[in-house]
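A short reminder: the numbers here are calculations on the coordinates, not readings from a lab. These numbers come from a predicted model, not from an experiment. All Cβ positions, glycine included, derive from the backbone under ideal geometry; neighbour counts span all protein chains shown.
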Amino acid sequence: MSSMTILKADFHIHTQEDPKDRIKYTARELIDYASYIGFEVLAITNHNVVTCGRGLREYARRKGILLIPGIEASVSHKHVILLNVEDFSPKQTTTLEGIKQYRNDDSLIVAPHPYFPMLQGLGSRLDKAIDIFDAIEYTHFYFRGVNFNRKAQRRAKKHNLPLVGVSDAHFLWQVGITYSLIEAEKNIQSVIRAIKKNRVKIVSSPMRFTGPSILLGLRHLSGQVFNHRYWSKTAC
């Protein structure tokens, strides 16, 4: 008898353990909050590091959350989300083509915020490397009249790829603004395969044009520029 159900999920969140971003809440504090607001599946996707040890997975399990290993990798100065890939090596994966080695039935490779006005967005390179990706993101930071996700929607439809709703949260209050509902059993393989079969529904609402939300966007984009310059220098 199938134990398939509808799971509330977010596959792109950052925590204090991220080596690039200054974030106040820890992975355990994220899990506490996400559990409180009804999430059942999470992927912590810190930059170039997997934050998903055995102790953290067990802590999440006790809180009712399935924690999927995740990472936001910087490859050729572009961001790529890898789920259920724990052996990623930034030094050995220097091109988008190199990401293909991590693609298998039990992994998920996602194009994050591809058309947002940031240096790390894939932009036009997404079409050229589309065969690498299993899904495309629909990211929370948008307004009713300004929504860079729309182009991602068109590309997903064109290439017959699923869209997944994510927060890309850097603050706890961002968690839950945009998320995915996945029809799957509550285990990693079932969730990943459900996404690949497009058993996904996005729940989302636009942000309001307020001073804090605009400042948040400027802060985030300026931080991405700074990080791009920093990592470009350290990679030389």
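ARG103 to ARG208: FRET efficiency via 1/(1 + (r/R0)^6), r the Cβ-Cβ distance, R0 35 Å, to the nearest 0.05?
According to the calculation, E is roughly 0.35.
Between rounded, prolate and oblate, where does region 23-174 land on the alpha carbon gyration tensor, with a ≥ b ≥ c its root eigenvalues, rounded for a/c under 1.5, else prolate if a/b exceeds b/c?
It comes out oblate by the Cα gyration axes.
If R0 is 35 Å, what FRET efficiency do you get for LEU119 and TYR59 from their C-beta distance, rounded to 0.05? Before the final figure, lay out the partial values.
Numbers: r = 35 Å, r/R0 = 0.99.
Taking R0 as 35 Å, the efficiency between LEU119 and TYR59 is 0.50.
Exceeding 27 Å between C-alpha atoms, which entries from my cross-link table qualify? They are LYS158/LYS186; LYS91/LYS186; LYS91/LYS201; LYS20/LYS100; LYS20/LYS91; LYS78/LYS186.
Listed pairs above 27 Å: LYS158/LYS186; LYS91/LYS186; LYS91/LYS201; LYS78/LYS186.
Starting from the Cα-Cα distance between SER35 and THR94, subtract it from 0.36 nm times their residue separation and give me the gain in nm to one decimal.
Length difference between fully extended and current span is 17.6 nm.
Within the chain, what percent of beta bridges assigned by DSSP are antiparallel, to the nearest 5? Spell out each step's value before the answer.
Working: 19 of 35 bridges.
In the chain, approximately 55 percent of DSSP beta bridges are antiparallel ones.
Distance in nm between label sites at ARG28 and ILE130, each 7 Å beyond Cα in the beta-carbon direction?
Between ARG28 and ILE130, the simple spin-label model gives 4.5 nm.
Give me the distance in nm between label points sitting 7 Å out from Cα along the Cα-to-Cβ direction at HIS77 and ASN160, one decimal.
3.5
Give, rounded to the nearest 20 debye, the magnitude of the charge dipole that the chain has about its Cα centre when Lys and Arg contribute +1 at Cβ and Asp and Glu contribute -1 at Cβ. Can you show the working numbers first?
Numbers: 33 positive and 21 negative charges, 128 e Å.
In debye, rounded to 20, the chain gives about 620.
Ranked highest first by average number of other Cβ atoms within 10 Å, how do 160-170, 61-71 line up?
160-170, 61-71
Measure off 7 Å from each Cα along the Cα-to-Cβ vector at LYS186 and LYS151, then give the distance between these two points in nanometres to one decimal.
Simple spin-label model gives 4.0 nm for this pair.
Which trypsin sites (Lys or Arg not before Pro) in region 1-50 sit in a loop by DSSP (not H, G, I, E or B) and have at most 11 other Cβ atoms within 10 Å of their own Cβ? Walk me through the intermediate numbers first.
Details: sites: LYS8, LYS20, ARG22, LYS24, ARG28; in loops: LYS20, ARG22, LYS24.
Counting only loop positions with at most 11 other Cβ atoms within 10 Å, the trypsin sites (Lys or Arg not before Pro) in region 1-50 are ARG22, LYS24.
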